[in-house]
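One structure below.
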Amino acid sequence: MLSLESKKETITIKVLKYFCLIIISIFMILPFLWMISASFKSPGEINLLHYSLIPKNFTFSNYLYAFFKLNIWKYFFNSVVVAFFGVILQTIVCSLAAYALARFEFPGSVFLITIFIGTMMLPDAALMVPLFRILRTFGLINNYAGMILPIVPWGFSVFMLSEFFKEIPAELEESARIDGASALTIFTKIILPLSKPVFGAVFIFSFIMVWDQFIIPLLVANSQSIMTLPLWLANLSSETSSNRTIVAAATTLATIPSIIIFLLFQRNFIQGLTSGAVKG
Amino acid sequence: MEKIKNTFLEHKTPLMFVLPAVIFFTLFKIFPILNLFWLSIHQVDKDIGDFIGFKNYLKLIHDQVFWLSLKNTTIIVILVVFFGTIFGYLAALLLTEDFKGQKLFRILIFIPVVTTVSIIAVVWKMMYYPANSGMLNSLLAYFNIPAQQWLADPKLALYALTVPLIWRIIGYNMMIFIAALKGVDKNQLEAAQVEGANWWQKLIYIIIPATKYAINMVLILAVLRTYKVFVPAYVMTSGDPQHKTETIATWIYKQSFRYWDMSYGAALAVVLFLIIMVLTIFQKKFQSE
């Protein structure tokens, strides 16, 4: 505990510390343990009165059912399409703007960055009605574009990238400019290679943000065939006929991508998160 | 005109760079928020758009479910802020210094933050399964406590809905607190140690004041994030039973897309927007101090 007993951390304190941490950790991972354990149980076993986290008879039938009967891969595919194009478009649009706002002063630049970052506070839930009507006007209901385009503008991405671009010394660009390179060349040939670490962080945040989307698919996806994984899962779980073990298998499959991404890039993730929170 | 043209040519490069963002932000953020106010004072059921003045706002004042949803959301916010901050701070205190297993504990506590909200809501909903065989009910059975209805129990549902929200914010708060705790002056702590201060005194008089900024930050962020809570409430209860878990956001959704009264939904959304905006201004003001 933060130098509270730095000199002589007694055994009692150590035990107490581990005890607290283990209790908190169990609370944090219990839902995952439950989910994984239920996904390997038979529909009969989950209805037993005496609960056990370890299934008595391991079965893969829930996963097979989710795959071949419920076609979970279809919704997985929909989510991947939305995430892929969403992340790419978002990063392109936001990084171009962030670069211009970090490097150039032009009429309205301060106004723009204030507005862009300010949109971070807009609650999605409050924008449901107007957003739905706009998407309907453009004929974007029930197609991928309707789920992808609204997530392109993201204030957090503009903010993070412009903060980073400001740190890059301007001299690096000056010489290229004297040599007659266009702004776009400078951006792609000089700025982008220098910004690999920050783009790593931005991609991860962006992916988690896009994968997390629920409200926009809820407004856009009317037919089941176009639903993203989270939306389809929420519907599945509210059908009284669906079996808990199968829903558990489906949720396990759906959780894997975010956890893998997080474990692979946790350092960037946590750094970006705390810096964003403290500055923003 | 000539002047505008010249200004444009002079700044052509940056303007071209921001143009795509301007289009996207205008279309999906700026226009919707402006449109929201317009919608709330027009009748838009059949897309005609007759001006109806503040009728929707009058309706809102007499809408008991709205007031209930405001109360429910406020209770959720208070609980999430209180327990989320305390547990986050406790975890951060335990995990700031290096020791064996520190990294693993940090990851375990942080993992809920990166999971998908709606999916995790599905998992919690199943853990709250109301029959005797439900996971939490079988845990209760170990202690001879009768099975609960959880999300179906009008008295319990709101609190059952709040637990996953607390669960999901602890790791996030912890990370901000850890960053802040690293900056606490070690010499000051050692001096206090020499003078015989116990850990409680050190916590109250040195550590908490030194991390005041982070604590305020976490409190405000949690308030802002929780007031707009929609997805867990929609997935787990959709406001049932008897609107006991209705939040402002689920009520906006229901009015707009179940009862198809979009104008009224917009009026409700304006209220949510104003709450968030007032809180944000408050935060900015505080931050600049």
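Odds and ends about this structure:
- Count - residues of region B:201-220 that are more than 8 Å from chain A (Cβ to nearest Cβ), touching a Phe, Trp or Tyr at 6+ places or on another chain (Cβ under 9 Å) and closer than 19 Å to B:Glu97 by Cβ: 2
- Look at region A:93-119: where a residue is under 13 Å from B:Thr13 (Cβ atoms) and touching a residue at least 40 places away in the same chain (Cβ under 8 Å) and a partner is open to solvent by less than 30 Å² (accessible area, probe 1.4 Å) and of a type in the set (Asp, Glu), sitting 6+ places away or on another chain with Cβ atoms under 9 Å, you get A:Arg103/A:Glu173.
- Filter result for the condition that a residue is part of a helix (DSSP H, G or I) and open to solvent by 60 Å² or more (accessible area, probe 1.4 Å), over B:Gln201, B:Gln193: B:Gln201
- Residue check for A:Phe156: under 16 Å from the mean Cα position of the chain (by Cα) and farther than 17 Å from A:Lys189 by Cα: yes
For every residue, the table says whether it meets (1) among the hydrophobic types (A, V, I, L, M, F, W, C); (2) open to solvent by less than 50 Å² (accessible area, probe 1.4 Å); (3) within 13 Å of chain A (Cβ to nearest Cβ).
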{"site": "B:Lys3", "(1), (2), (3)": "no, no, yes"}
{"site": "B:Thr13", "(1), (2), (3)": "no, no, yes"}
{"site": "B:Phe28", "(1), (2), (3)": "yes, yes, yes"}
{"site": "B:Asn35", "(1), (2), (3)": "no, yes, yes"}
{"site": "B:Asp50", "(1), (2), (3)": "no, no, no"}
{"site": "B:Lys55", "(1), (2), (3)": "no, no, no"}
{"site": "B:Lys59", "(1), (2), (3)": "no, no, no"}
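- Scanning region B:52-68 turns up at least one residue that is touching a strand residue (DSSP E or B) at 6+ places or on another chain (Cβ under 7 Å) and more than 27 Å from B:Pro232 (Cα to Cα).
- Taking region B:62-120 as the range and being hydroxyl-bearing (Ser, Thr, Tyr) and either more than 20 Å from A:Phe269 (Cα to Cα) or assigned to a helix (DSSP H, G or I) (or both) as the test, the residues that pass are B:Ser69, B:Thr73, B:Thr74, B:Thr85, B:Tyr89, B:Ser118.
- Considering residues of region B:93-129 that are charged (D, E, K, R) and farther than 20 Å from A:Trp232 by Cα only, the residue farthest from the other protein chains (Cβ to nearest Cβ): B:Asp98
- Tally, over region A:58-75, of residues that are among the polar types (S, T, N, Q), in a helix (DSSP H, G or I) and without any contact (Cβ under 8 Å) to a residue 12 or more places away in the chain: 0
- Of all residues in region A:220-235 being surrounded by fewer than 21 Cβ atoms within 10 Å (Cβ to Cβ) and in contact (Cβ under 8 Å) with a residue 24 or more places away in the chain, the one that is farthest from the other protein chains (Cβ to nearest Cβ): A:Ser225
- Scanning region A:104-123 for residues that are open to solvent by 60 Å² or more (accessible area, probe 1.4 Å) and at the interface with another protein chain (Cβ under 7 Å from one of its Cβ atoms) gives a single hit, A:Pro107.
- Considering each residue of region B:211-225 in turn, none proves to be closer than 29 Å to B:Gln43 by Cβ, surrounded by fewer than 24 Cβ atoms within 10 Å (Cβ to Cβ) and out of contact with any strand residue (DSSP E or B) (no Cβ under 6 Å at 6 or more places or on another chain).
- Residue in region B:41-49 that is assigned to a helix (DSSP H, G or I) and touching a helix residue (DSSP H, G or I) at 6+ places or on another chain (Cβ under 8 Å) present: no
- Being of a type outside the set (S, T, N, Q), out of contact with any strand residue (DSSP E or B) (no Cβ under 9 Å at 6 or more places or on another chain) and assigned to a helix (DSSP H, G or I) is a description that applies to A:Ile92.
- Test: residue in region A:151-166 that is open to solvent by less than 40 Å² (accessible area, probe 1.4 Å), within 11 Å of chain B (Cβ to nearest Cβ) and either in contact with a strand residue (DSSP E or B) (Cβ under 6 Å, 6 or more places away or on another chain) or outside any helix (DSSP H, G or I) (or both): yes
- Every residue from region A:102-147 that is in a helix (DSSP H, G or I), over 25 Å from the mean Cα position of the chain (by Cα) and over 30 Å from B:Gln255 (Cβ atoms): A:Ala102, A:Arg103, A:Ser109, A:Val110, A:Phe111, A:Leu112
- Boolean, B:Trp150 is aromatic (Phe, Trp, Tyr), in contact with a helix residue (DSSP H, G or I) (Cβ under 6 Å, 6 or more places away or on another chain) and within 8 Å of another protein chain (Cβ to nearest Cβ): no
- Every test in (1) surrounded by 14 or more Cβ atoms within 10 Å (Cβ to Cβ); (2) modelled with pLDDT of 90 or more is passed by A:Phe84 save one, and that test is (1).
The values are calculated or read from the model by the stated rules, or taken from the named source; none is laboratory data. Since we're looking at a predicted model, the values are computed, not measured. Neighbour counts are summed over all protein chains in view; Cβ atoms, including those assigned to glycine, are modelled from backbone coordinates with ideal geometry. Areas reflect the complete protein model, heavy atoms only, side chains present, ligands, DNA and RNA absent. Shrake-Rupley method; radii C 1.70, N 1.55, O 1.52, S 1.80 Å.
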